[in-house]
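Just below is one structure, and these are the notes that go with it.
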Amino acid sequence: MYIGNHLSSSKGFEAMGKHAIELGANTIAFFTRNPRGGKAKEIDPEDAKRFLALKEAQKFGPIVAHAPYTMNPCAAKPELRQFAKEMFADDMRRMEYIPGNYYNFHPGSHVGQGAENAIPLTAEMLNECMSGEQSTIVLIETMAGKGSEIGRNFEEIKSIIDLVQPKLQGKLGVCLDTCHVWDGGYDIVNDLDGVLEQFDNVIGLDRLKAVHLNDSMNDRGTHKDRHEKIGKGYLGTDTFERIVNHPALRDLPFILETPNEDEGYAKEIALLRSLQK
Ligand code: FE
Ligand code: FE
Ligand code: ZN
């Protein structure tokens, strides 16, 4: 089982790898730059190499990097879309220091222009800033539908994918966030099989590459996006037991984004490991 949580990348890759081991983790999520800011620290190639050796030796699963929240590829203002493209392109370049991993991003908020006008703009960023030669797989995150977020249902994610050039299709996947799909209206508590069947019918399960494991502070369909600790919210421990054992999910990297410090993450990682049979 591959499980981990978000770690600070401020001390570099190798430090993150060691931190993960301390928590009992064997995958990592990290923000490629300050989640609320723009500027990124330059990568030390030697540090990246040491990390890759550690990752190999410890048999870590795929790393699931996260784009900054400030990146809105479907913003109504052209200068914000340009800013998103520059960050995304720079992140694609930087991800090649740790080749073959995942880069997850939020498809954006349409801020009044409507999802139908926003979806092509998000696809435009992918078409302009990805290359057929990159080793990184870009993951579109399923969103809760808070405010004017796009990607609020499987159909919107599929519409983005369909607008991406054929040569980039093999570099594109989806990250399923359990809090977000629940808040978006999908009943993963009572009908996980049915929701995954829907995912398969609309997007295709072959696109599903990673899972963000979060409980939710709110009831189904509320579009709030408030993460809760595992087992302490509306999803509950039984739901997570089904999730980590589901044949379509059990081998994917599971990333915790719950409100915790180190101690809490170590406990959740141990709990989820104990739930997997
Ligand atoms: Fe996210
Ligand atoms: Fe998430
Ligand atoms: Zn969230």
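Remarks
- Residue check, residue 269 within 17 Å of residue 5 (Cα to Cα) and modelled with pLDDT of 95 or more: yes
Residues are listed down the side, and each one gets a yes or a no for (1) part of a loop (DSSP other than H, G, I, E, B); (2) touching a Lys or Arg at 6+ places or on another chain (Cβ under 8 Å):
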residue: 182; (1), (2): no, yes
residue: 198; (1), (2): no, no
residue: 206; (1), (2): no, no
residue: 210; (1), (2): no, no
residue: 220; (1), (2): yes, no
residue: 225; (1), (2): yes, yes
residue: 238; (1), (2): no, no
residue: 242; (1), (2): no, no
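- Filtered residue count, segment 142-157, keeping only those that are touching a strand residue (DSSP E or B) at 6+ places or on another chain (Cβ under 9 Å) and surrounded by fewer than 20 Cβ atoms within 10 Å (Cβ to Cβ): 3
- Contact map, segment 96-107: first residue on the phi > 0 side of the Ramachandran plot, second residue of a type outside the set (D, E, K, R), Cβ cut-off under 6 Å, separation 6 or more or different chains; pairs are 100/135.
- Condition check for residue 250: under 20 Å from the mean Cα position of the chain (by Cα), within 14 Å of ligand 2 (Cβ to nearest atom) and open to solvent by 60 Å² or more (accessible area, probe 1.4 Å): no
- Failed item, numbered, when residue 122 is tested on (1) outside any loop (DSSP other than H, G, I, E, B); (2) open to solvent by less than 30 Å² (accessible area, probe 1.4 Å); (3) under 19 Å from residue 249 (Cβ atoms): (3)
- Within segment 9-41, considering residues that are open to solvent by less than 70 Å² (accessible area, probe 1.4 Å) and hydroxyl-bearing (Ser, Thr, Tyr), the one nearest to residue 264 (Cα to Cα): 27
- Tally, over segment 152-187, of residues that are under 19 Å from residue 227 (Cβ atoms) and more than 14 Å from ligand 2 (Cβ to nearest atom): 3
- Matching residues, segment 102-116, being surrounded by fewer than 19 Cβ atoms within 10 Å (Cβ to Cβ) and either touching a strand residue (DSSP E or B) at 6+ places or on another chain (Cβ under 8 Å) or not β-branched (Val, Ile, Thr) (or both): 112, 113, 114, 116
- Being touching a residue at least 24 places away in the same chain (Cβ under 8 Å), under 20 Å from residue 183 (Cα atoms) and touching a strand residue (DSSP E or B) at 6+ places or on another chain (Cβ under 9 Å) is a condition met by at least one residue of segment 117-139.
- Some residue of segment 67-75 being among the aromatic types (Phe, Trp, Tyr), within 16 Å of ligand 3 (Cβ to nearest atom) and surrounded by fewer than 18 Cβ atoms within 10 Å (Cβ to Cβ): yes
- Test result for residue 73, closer than 22 Å to residue 147 by Cα and either more than 16 Å from ligand 1 (Cβ to nearest atom) or free of Cβ contacts under 8 Å to residues at least 60 places away in the same chain (or both): yes
- Matching residues in segment 145-162 - criterion: being part of a loop (DSSP other than H, G, I, E, B) and either closer than 18 Å to residue 68 by Cβ or of a type in the set (D, E, K, R) (or both): 146, 147, 150, 151, 152
- Residue 168 away from ligand 3 (no atom under 16 Å from the Cβ), open to solvent by less than 10 Å² (accessible area, probe 1.4 Å) and in contact with a helix residue (DSSP H, G or I) (Cβ under 8 Å, 6 or more places away or on another chain): yes
The values are calculated or read from the model by the stated rules, or taken from the named source; none is laboratory data. On a predicted model such as this, the values are computed, not experimentally measured, just so you know. Cβ coordinates were reconstructed from backbone atoms using ideal geometry, including for glycine residues, and neighbour counts include every protein chain displayed. Protein only, heavy atoms only, side chains kept; ligands, DNA and RNA dropped before computing areas. Shrake-Rupley method; radii C 1.70, N 1.55, O 1.52, S 1.80 Å.
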